[in-house]
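Heads up: the structure comes next, in structure tokens.
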Amino acid sequence: MGGTHRARLLSLLIALWPAAAAGQDLEPRAYTNTPVGLNFAIAGYAWTNGDVAVDASLPLEDAKLQTDTAVLAYARSLDVFGTSGKLDVTLPFTYVTGSATFDGEPVERRVSGLGDARFRFSVNFFGAPALSFKAFESYEQDVIVGGRFTVWAPIGQYDDDRLINVGTHRWSFTPELGISKSWAPFILELSARTTFFTDNHDFLGGHDRSQEPISAAEAHAIYAFKRGPWGSLDVTYYGGGETSVDGVSVHDFESNVRVGGTIALPVNRYNSIKLYGSTGVWARRGGKYDLIGIAWQVRWGAGF
């Protein structure tokens, strides 16, 4: 394989991993083509600080919370009826510490444990055929249209006497559609998604808590450098998510904008590092926080 093809392939491969933190809401290069049969193992760490909780819709005010999250994840590229796809699984472990105000009273919390597990299936409907490693050498991206479906399983730490927990004690489901257009070496990626939640029937000692869906729009301007590295500027808006407790609305509609950046660097043929960060530039509720993360990826299989 020539140097140009090798660099382009490395650039694509270091885009495939899942987010390194359960709370990362800016994820560039989600829609890209990759040779079928590749495996990816990811270990990551992310730090957040500010007006943030694991569940951002909790009825907290003046939150000054810090989270430290370690993540293990696995992903595999697939052939889905002739088009490229991916399956990934993410398991976070989070430590939360800090203070906030609830119902006019100060509260403090220090807790750690497993977070909710994430299972995600992705498929590209157009512009990204399923290819072997060898056939992929001649592939050039133009327009890719794809979709993803994510399930969060409530296996995380949860104490029904506490507001702030690592787990959410409910299922959530997120369908998403996205489009990626390449003007090499530039890529523009746009996506939209909506997250739906089941009810939490054990909220603060047995109350029923429900939440309306949260919708989000995301955009990434990506530049692929020679020899494999790439960087992106990222922005997302998300809104909705008003909650009710025992059928009574809390009037806590979310409307937040976050911006960030991502840099991905190949270490060698099999290993890569990704650095990313984001901050809330405007937040109606629960989104005014800073995030910094790093992830290490190892890849193998498919004759790579």
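The values are calculated or read from the model by the stated rules, or taken from the named source; none is laboratory data. Fair warning: this is a prediction, and the values are worked out from it, not measured in the lab. Because the Cβ atoms are built from the backbone with ideal geometry, glycine has one as well, and the counts that use them run over all protein chains shown.
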field: Residue among GLY228, GLY240 that alone is modelled with pLDDT under 95, more than 30 Å from PHE40 (Cβ to Cβ) and out of contact with any Gly (no Cβ under 9 Å at 6 or more places or on another chain)
entry: GLY240
query: Do any strands (runs of 3 or more DSSP E) entirely within the stretch 222-304 hold 2 or more residues that are among the aromatic types (Phe, Trp, Tyr) and farther than 23 Å from ARG193 by Cβ, and if so, which?
result: 289-300
- prompt: Cβ-Cβ below 8 Å, separation at least six or inter-chain, first residue in the stretch 170-190 and farther than 30 Å from GLU212 by Cα, second of a type in the set (Phe, Trp, Tyr) and at pLDDT 95 or above: which pairs?
  reply: PRO185/TYR223; PHE186/TYR223; ILE187/TYR223
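From the list VAL248, VAL235, which residue is under 19 Å from ILE292 (Cβ atoms) and β-branched (Val, Ile, Thr)?
VAL235
So is ARG109 touching a Lys or Arg at 6+ places or on another chain (Cβ under 7 Å) and assigned to a loop (DSSP other than H, G, I, E, B) or not?
no
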- prompt: Is at least one residue of the stretch 194-213 surrounded by 18 or more Cβ atoms within 10 Å (Cβ to Cβ), outside any loop (DSSP other than H, G, I, E, B) and among the small types (Gly, Ala, Ser)?
  reply: yes
field: Residues located in the stretch 70-115, provided they are surrounded by 22 or more Cβ atoms within 10 Å (Cβ to Cβ), within 30 Å of VAL36 (Cα to Cα) and hydroxyl-bearing (Ser, Thr, Tyr)
entry: SER77, SER84, THR90
message: Looking at VAL298, VAL235, can you tell me which residue is surrounded by fewer than 16 Cβ atoms within 10 Å (Cβ to Cβ), among the β-branched types (Val, Ile, Thr) and touching a residue at least 12 places away in the same chain (Cβ under 8 Å)?
response: VAL298
message: Just the residues that are over 22 Å from ALA184 (Cα atoms) and either of a type in the set (D, E, K, R) or in contact with a His (Cβ under 9 Å, 6 or more places away or on another chain) (or both), please, taken from the stretch 244-268.
response: VAL245, ASP246, ASP252, GLU254, ARG258
